[in-house]
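The values are calculated or read from the model by the stated rules, or taken from the named source; none is laboratory data. In this text the structure is predicted, and so the values were computed from the model without any measurement. Positions of Cβ are backbone-derived with ideal geometry, glycine not excepted, and every protein chain shown enters the neighbour counts.
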Amino acid sequence: MDALKQQQNEINEFFIYMELSKLQKDPHNKKILQEIAMQEKEHYEFWKKITGQELKPQKLVVMWYIFLARLFGLSFALKLMERGEERAQEFYKRLIMKYPEAKKIFDEERIHEAKLLSLLNDGKLRYAGAIVLGMNDALVELTGTLTGIALAFNNAQYVGITGVIMGVAASLSMAGSAYLEARENQDSGIEPTKYALYTGFAYILTTIFLVTPFFFVTSAKTGLIFMFVAAALAIIIYNFYIAVAKDEDFGKRVKEMFVITFGVALISFAIGYVVNKYFGIEI
């Protein structure tokens with residue numbers, strides 16, 4: 001029954017918003033989350049009168065969104081949940097004719113998003129630019145370079161070790177550049193040290209993700225296939241996060257990163273093929 005399902009959603013969201021409010025240090029964020037939580041409780045009571053049933057929150061659902069907020073930031077967790085709210089609004093539109101009182105709930109649901117956008121002062125999202133910088137650089141540089149090396153030398157472990165050395169050195173270089181960049185733009189409210197750490201960590205994490213396959217296979221070309229799969233997964237996962245948190249076009253972002261990353265890899269593939277064919281280097 002649709003009404004029962006919506007009643008369950010409302011009690012889940014009441015507990016989610018209340019728990020998220022407890023995590024907030026910003027009084028403004030805390031107050032708005034509590035206000036929305038109480039609205040969700042009122043919506044639950046409305047549907048309870050219709051269904052005649054008492055429901056408890058689904059603990060796993062509540063815990064899941066709290067986990068997402070802690071790991072990826074408040075913006076991501078709330079925006080992901082609000083996508084569910086958009087589907088709920090379509091549900092309310094169908095019910096307004098049958099239950100005129102649902103019009104009030106529908107109007108309140110529509111202003112949720114505006115309220116949420118006003119409170120999203122999310123530290124994790126503020127440093128998303130640093131993660132983009134580190135991750136994009138690692139994807140473009142390492143996929144390209146490792147492709148060229150793998151085509152020139154067939155020893156997978158050699159390629160993997162080379163990738164690790166390059167990744168560590170490049171991450172330190174990137175972190176240093178990021179620190180200087182942030183220090184020159186102190187009006188942005190970004191801490192240079194934290195910005196540098198996010199950039200370097202993103203580069204190192206992406207490096208590990210890309211080079212790991214080479215240590216579990218003997219052929220560098222086989223490792224190359226798994227590396228491309230890892231790169232594709234990294235691009236899809238990260239861009240899903242940004243698309244949700246910043247309300248951006250997921251398809252457009254993914255397409256753009258795929259073209260850049262794999263375009264560079266294709267050029268490197270050609271260079272590696274030439275080296276392998278005409279110089280006969282095989283390790």
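Would you check if Phe76 is under 25 Å from the mean Cα position of the chain (by Cα), modelled with pLDDT of 70 or more and under 17 Å from Asn239 (Cα atoms)?
Yes, satisfied.
Out of curiosity, is Thr145 in a helix (DSSP H, G or I), in contact (Cβ under 8 Å) with a residue 60 or more places away in the chain, β-branched (Val, Ile, Thr) and at negative phi?
When the stated conditions are applied, Thr145 passes them.
If you take the residues of the range 19-50 that are of a type in the set (A, V, I, L, M) and surrounded by fewer than 18 Cβ atoms within 10 Å (Cβ to Cβ), which of them is nearest to Gln7 (Cα to Cα)?
Within the range 19-50, the match that is nearest to Gln7 (Cα to Cα) is Ile50.
Only residues that are hydrophobic (A, V, I, L, M, F, W, C), assigned to a helix (DSSP H, G or I), in contact with a helix residue (DSSP H, G or I) (Cβ under 6 Å, 6 or more places away or on another chain) and at pLDDT 85 or above: list them for the range 47-68, please.
Correct list: Val61, Val62, Ile66, Leu68.
Residues of the range 181-231 being within 14 Å of Leu142 (Cβ to Cβ) and surrounded by fewer than 16 Cβ atoms within 10 Å (Cβ to Cβ), which ones?
Ile208 - this is the single residue of the range 181-231 that is within 14 Å of Leu142 (Cβ to Cβ) and surrounded by fewer than 16 Cβ atoms within 10 Å (Cβ to Cβ).
Return the residues of the range 1-13 that are surrounded by 18 or more Cβ atoms within 10 Å (Cβ to Cβ) and either among the acidic types (Asp, Glu) or within 17 Å of Ile111 (Cβ to Cβ) (or both); say none if nothing qualifies.
Hits for the range 1-13 are Glu10, Glu13.
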